[in-house]
1. Taking segment 23-66 only, how many residues are over 23 Å from GLY118 (Cβ atoms), open to solvent by less than 60 Å² (accessible area, probe 1.4 Å) and free of Cβ contacts under 8 Å to residues at least 12 places away in the same chain?
2. Please go through segment 1-12 and give me each residue that is in a loop (DSSP other than H, G, I, E, B) and in contact (Cβ under 8 Å) with a residue 60 or more places away in the chain, ordered by number.
3. Scan segment 111-129 and report the pairs whose first residue is among the polar types (S, T, N, Q) and whose second residue is modelled with pLDDT of 90 or more and surrounded by fewer than 16 Cβ atoms within 10 Å (Cβ to Cβ), with Cβ atoms within less than 8 Å and a gap of 6+ or a chain change.
4. Somewhere in segment 43-63, is a residue more than 26 Å from ARG161 (Cβ to Cβ), at pLDDT below 90 and within 17 Å of the chain's Cα centre (by Cα)?
5. If you take the residues of segment 84-113 that are open to solvent by 60 Å² or more (accessible area, probe 1.4 Å) and under 12 Å from the mean Cα position of the chain (by Cα), which of them is farthest from LEU35 (Cα to Cα)?
6. Which of the residues that make up segment 130-169 are among the aliphatic types (A, V, I, L, M) and farther than 22 Å from VAL104 by Cβ?
7. Might you let me know whether segment 135-156 holds any residue that is more than 25 Å from VAL170 (Cα to Cα), open to solvent by less than 20 Å² (accessible area, probe 1.4 Å) and touching an Asp or Glu at 6+ places or on another chain (Cβ under 6 Å)?
8. (1) at pLDDT below 85; (2) farther than 19 Å from VAL77 by Cβ; (3) not in a helix (DSSP H, G or I): which one isn't true of GLY148, the others all being true?
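The values are calculated or read from the model by the stated rules, or taken from the named source; none is laboratory data. What you are looking at is a predicted structure, and each value in this text was computed from that prediction instead of being measured. In this analysis, Cβ positions are derived from the backbone assuming ideal geometry, glycine residues included, and neighbour counts consider all displayed protein chains. Side chains included, ligands, DNA and RNA excluded: accessible areas come from the protein's heavy atoms. Shrake-Rupley method; radii C 1.70, N 1.55, O 1.52, S 1.80 Å.
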Amino acid sequence: MSRAATAQRREDNEIEFSRIVAFSDGVFAIAITLLVLNLGVPDHIREGELGQAIWDQRQTFIAYALSFAVIGRFWVVHHRFFADVIGFDSRLIALNLFYLGWIVLIPFSSEVLGAHGGETASIVLYAVNLAGVTLVGALMFTDARRSGLAETDPAVDRQNRQRALVTIAVFLASIPVAFIDPEIVAYLWLALFINPIGRLNRRRA
């Protein structure tokens, strides 16, 4: 018997399904809120030194902005996926928890990146974290669709897989680059916002 046949149908278990989605949204909300806790100024600064104290934390602000955008993007993808879910089982719930585990790690890796942005270890940690989120998310989405627990348009499904592969490739490629020149890594990550896959698909259309 297939997983789709034994899974709980969303339309018959709307309350339980809503609890799964609400819990996931809560984890995203907490993770994105924790990012701001990395920001701050020294408790005791002299008059006229506030501007310099804020400027000295520019790397932390950059890490905050990057991580806020990243978590926000992950939430949008997660939200769209669960909108297409028509059934759920223990495996989907377990994969979702595993995925959220990587999400809540982002505030920590973001804090390390902000405090030690010029060090290779901080870049490797952040890259592995975001590559892990993308990989686990792609596995969860693919597993649900192949098992008949989610319905998506084939073209959209293909584009999402391509985007996930590009994201994983960019973050993994930034790891060896970090050992050569950590300053270049930011430009590699910036490439993710250019969205070449989307442009390519629009040309084909």
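1. Number satisfying all stated conditions: 2.
2. Our first condition is that a residue be in a loop (DSSP other than H, G, I, E, B); within segment 1-12, this holds for 1-2, 7.
The answer is SER2, ALA7.
3. Here the result reads THR120/PHE179, each pair linking segment 111-129 to a residue that is modelled with pLDDT of 90 or more and surrounded by fewer than 16 Cβ atoms within 10 Å (Cβ to Cβ).
4. Kept after step one, since they are more than 26 Å from ARG161 (Cβ to Cβ), are these residues of segment 43-63: 43-63.
Applying the additional criterion that residues be at pLDDT below 90 yields 43-63.
Narrowing further to those that are within 17 Å of the chain's Cα centre (by Cα): 62-63.
Taking every residue of segment 43-63 in turn, at least one turns out to be more than 26 Å from ARG161 (Cβ to Cβ), at pLDDT below 90 and within 17 Å of the chain's Cα centre (by Cα).
5. Top of the filtered list is TRP102.
6. Here is the first cut: in segment 130-169, the residues among the aliphatic types (A, V, I, L, M) are 130-131, 133, 135-136, 138-140, 144, 149-150, 155-156, 164-166, 168-169.
Listed by number, the residues that qualify are LEU149, ALA150, ALA155, VAL156, LEU165, VAL166, ALA169.
7. Yes, that holds for at least one residue.
8. (1)
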